[in-house]
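The values are calculated or read from the model by the stated rules, or taken from the named source; none is laboratory data. Computed from a predicted model, the values in this text were never measured in an experiment. Positions of Cβ are generated from backbone atoms using ideal geometry, with glycine treated the same way; all protein chains shown enter the neighbour counts.
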Amino acid sequence: MRTQVGIVGAGPAGLLLSHLLHLEGIRSVVLEARSREYVEQRVRAGVLEQGTVELLTDTGLGDRLHREGLVHHGVELRFEGEGHRIDLSALTGGRTITIYGQQEVVKDLIAARERDGGDIRFEVEDVAVDGLKTDRPTIAFTHDGEHGTLECDVIAGCDGFHGICRPSIPAGELTEYDRTYPFGWLGILARAAPSSDELIYVNHPRGFALSSLRSPEIVRLYLQCEPDEDVDRWSDERIWEELHTRLATTDGDYELTEGPIFEKGVAALRSFVVEPMQYGRLFLAGDAAHIVPATGAKGLNLAVADVRRLSEGLVQLFGSGRSDLLEDYSRACLRRVWRVQHFSWWMTSMLHRFGDDRYQHKLQISELEYVTSSTAAATTLAENYVGLPL
Ligand SMILES: Cc1cc2nc3c(=O)[nH]c(=O)nc-3n(C[C@H](O)[C@H](O)[C@H](O)COP(=O)(O)OP(=O)(O)OC[C@H]3O[C@@H](n4cnc5c(N)ncnc54)[C@H](O)[C@@H]3O)c2cc1C
């Protein structure tokens, strides 16, 4: 088998890359370890930056997104029992975020690739990349019990944090930067009307909480927990009780609506970057190259920014034979990656409980008071949250 771009992974990065390349007449094959149903149901991110929405819209993926996505103009920071709204739009010249589940983006992308005759192989096994320093790298895999080899001009490693592409790069070629946090998030989806139109980020003495939503009927709520928390220790009653405690306001005006919980899970929080994001003809994109704690709502958006750059480099390579954009891919992506790393680390540090560190807590409150009272500080949060220009 032969294609121009072999893509490992059908998450948002791999699927969007395949779509963008198709629009430019470049052929690709996407190899995915999981089933189509699995990737379409996998619940993850839900906040799209304006630049992400614009890119999806401009490339023909905006229909359902604009029909079902919820446009938000602000977020709330809640601490010491009081809410403070950050007016994202007023602080950024009218920019917004859109609430639209990652699995919906994935469904739209798969439907578009299917409509356009795209080649996505689900449930492939034994994926291995080779010849990365040659101009004919290959991907070996097994599909439907048959062994195949895909010869490519370029391989895109879009296979997430636990994929095989990054570990295929020889030891010593990459530098890793890593930070783990002493907590995780317990996340739920519940069938209930949102108690607030906008997201609420809470710094509470018992730990961080986040009130988010997926639609006018479905809420997404998170609680800071132990990084290895046993989800079975959290009955629905216990979850609601803890959410009521952490989200409560001193004036008692806030009322959290409850509803049946239909999804529950624990995710560890982690910051990770690998440099460079390229080795020979293998280019890493999205979670394969970097991870951010979800507090900044950036993981999916960063994956989109990477593949946009990668597609531009590939269009240049296949169009004119020039490779200067591809050679600059890693450097250009990493500038944004580190800005997003800092923002996500900063939001995480400001909002979570760090054990019994009372000094840290005082610093957090001081910072939250500053961010919610100074236009300059609030603007810093707002422009990073809605996303810096792509
Ligand atoms: C549990 C969880 C919750 C999250 N919640 C949020 C959130 O609330 N907000 C936020 O902004 N971000 C969140 N994120 C981060 C966000 O979802 C990711 O940044 C985003 O999915 C990155 O997209 P990607 O395409 O790079 O990687 P992925 O979505 O991870 O896609 C990689 C794909 O590669 C496939 N794959 C892996 N190995 C192989 C292999 N060997 N062969 C073939 N295919 C392979 C995987 O099955 C997967 O489909 C969350 C992440 C996780 C894990």
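Report yes if ARG270 is assigned to a strand (DSSP E or B), at pLDDT 95 or above and charged (D, E, K, R), otherwise no.
yes
Does segment 41-81 hold any residues that are touching a Ser or Thr at 6+ places or on another chain (Cβ under 9 Å), part of a loop (DSSP other than H, G, I, E, B) and under 17 Å from LEU300 (Cα atoms), and which are they?
Selection gives GLY46, GLU49, GLY69.
I'd like the full set of residues that are away from the ligand (no atom under 12 Å from the Cβ) and of a type in the set (Val, Ile, Thr), limited to segment 125-154.
THR134, THR138, THR149, VAL154 - these are the residues of segment 125-154 that are away from the ligand (no atom under 12 Å from the Cβ) and of a type in the set (Val, Ile, Thr).
Which of the residues spanning segment 27-49 are under 15 Å from ALA285 (Cβ atoms) and in contact with a Leu (Cβ under 8 Å, 6 or more places away or on another chain)?
SER28, VAL30, LEU31
Yes/no matrix, rows are residues, columns are (1) in a helix (DSSP H, G or I); (2) closer than 30 Å to LEU317 by Cα; (3) within 15 Å of the ligand (Cβ to nearest atom):
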residue: GLY14; (1), (2), (3): yes, yes, yes
residue: SER18; (1), (2), (3): yes, yes, yes
residue: ILE26; (1), (2), (3): no, yes, no
residue: VAL39; (1), (2), (3): yes, no, yes
residue: LYS107; (1), (2), (3): yes, yes, yes
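I need the full set of residues from segment 194-236 which are among the hydroxyl-bearing types (Ser, Thr, Tyr) and more than 22 Å from the chain's Cα centre (by Cα), in order please.
Matches in segment 194-236: SER195, SER196, SER235.
I need every pair where a residue in segment 151-163 that is farther than 14 Å from ALA128 by Cα has its Cβ under 7 Å from the Cβ of a residue that is within 6 Å of the ligand (Cβ to nearest atom) and of a type in the set (D, E, K, R), sequence separation at least 6 or different chains.
Close Cβ pairs satisfying both conditions: GLY160/ASP287; PHE161/ASP287.
Test each condition in (1) surrounded by fewer than 16 Cβ atoms within 10 Å (Cβ to Cβ); (2) over 30 Å from THR138 (Cα atoms); (3) within 14 Å of the ligand (Cβ to nearest atom) for ASP63 and report the one that comes out false.
Unmet condition: (3).
Is it the case, given these coordinates, that LEU310 is closer than 30 Å to THR134 by Cα and either touching a Gly at 6+ places or on another chain (Cβ under 7 Å) or within 16 Å of the ligand (Cβ to nearest atom) (or both)?
Taking the combined requirement at face value, the residue satisfies it.
Would you check if there is a residue in segment 186-197 being among the acidic types (Asp, Glu), away from the ligand (no atom under 14 Å from the Cβ) and in contact with a strand residue (DSSP E or B) (Cβ under 8 Å, 6 or more places away or on another chain)?
Yes.
Does segment 259-290 hold any residues that are among the charged types (D, E, K, R), within 10 Å of the ligand (Cβ to nearest atom) and surrounded by 17 or more Cβ atoms within 10 Å (Cβ to Cβ), and which are they?
Within segment 259-290, just ASP287 meets the criteria.
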